[in-house]
Amino acid sequence: MNLTSPNRPFKLLLIGDSAVGKTSLMFRFADNTFIENFIPTIGIDFKVTTINIRNKQIKLQLWDTAGQEKFYNITRSYYRNADAIVLVYDRTAASSFQNVSRWMRNIDENAPDDVLRVLVGNKSDLHHSIIISTQDGKNLAGKYNIDYFETSAKSDTNVNVSKMFYALTEKLLERH
Ligand code: GDP
Ligand code: MG
């Protein structure tokens, strides 16, 4: 038994418009896989993965908000129990970027006050279709005073996706 393990896993919630790549980011990080034609609604509530930081094994529960995105009515309990929220938009879909403010309001209304938030611009591999620039993403994250990451769940290097989840976990560890 590893006595340095935390008692409970950190709970990370992925939110954002439908089809921005939330489920894909979860699969990329937890399984290092990518599914090209993803079936939107699947019956998985969360995935558990363990990462090593500072010689500690940290358990993460990644909660995916499967299929409810259109209604902005992600169950309150998802938010209430979250340690961190990953707010994802698709850099090739302007509407998903415009809706970030709505998702932020949802977090304000439902999540713990001290929940850690990060903004993620996904699908960065689609260079020719990118509408939302790096500067746009940085500016918006700056407005909310949160960190910003650009990811691709498709890229098989997995570097940026891991970087985001590790950075987030580091911050959570600093607080606990
Ligand atoms: P969700 O509804 O937010 O969970 O989005 P999904 O993870 O189901 O992804 C929606 C679609 O976008 C799927 O066809 C994915 O294969 C695709 N997708 C997700 N992430 C990326 C990415 O980083 N790059 C590219 N090119 N496609 C992606
Ligand atoms: Mg999904």
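The values are calculated or read from the model by the stated rules, or taken from the named source; none is laboratory data. Given the structure is predicted, the values throughout are model-derived calculations rather than measurements. A quick note on method: Cβ atoms are made from the backbone with ideal geometry, for glycine too, and the neighbour counts reach across all protein chains shown.
Search region 45-65 for residues being in contact with a helix residue (DSSP H, G or I) (Cβ under 7 Å, 6 or more places away or on another chain) and within 16 Å of ligand 1 (Cβ to nearest atom), and hand back the single one that is modelled with the lowest pLDDT. Out of the qualifying residues, it is Thr65.
Within region 48-66, how many residues turn out to be touching a residue at least 12 places away in the same chain (Cβ under 8 Å), more than 12 Å from ligand 2 (Cβ to nearest atom) and either under 13 Å from Leu25 (Cβ atoms) or touching a strand residue (DSSP E or B) at 6+ places or on another chain (Cβ under 8 Å) (or both)? Qualifying residue count for the region: 8. Among the residues of region 121-168, just one is among the aromatic types (Phe, Trp, Tyr) and more than 24 Å from Ile51 (Cα to Cα), namely Tyr144. Here Thr169 does not qualify as within 16 Å of ligand 1 (Cβ to nearest atom) and on the phi < 0 side of the Ramachandran plot. Among the conditions (1) farther than 29 Å from Pro9 by Cα; (2) surrounded by fewer than 20 Cβ atoms within 10 Å (Cβ to Cβ); (3) in contact with a Leu (Cβ under 9 Å, 6 or more places away or on another chain), Asn139 misses just one, which is (3). Taking region 134-176 as the range and being under 24 Å from Ser101 (Cα atoms), small (Gly, Ala, Ser) and not in a helix (DSSP H, G or I) as the test, the residues that pass are Ser152, Ala153.
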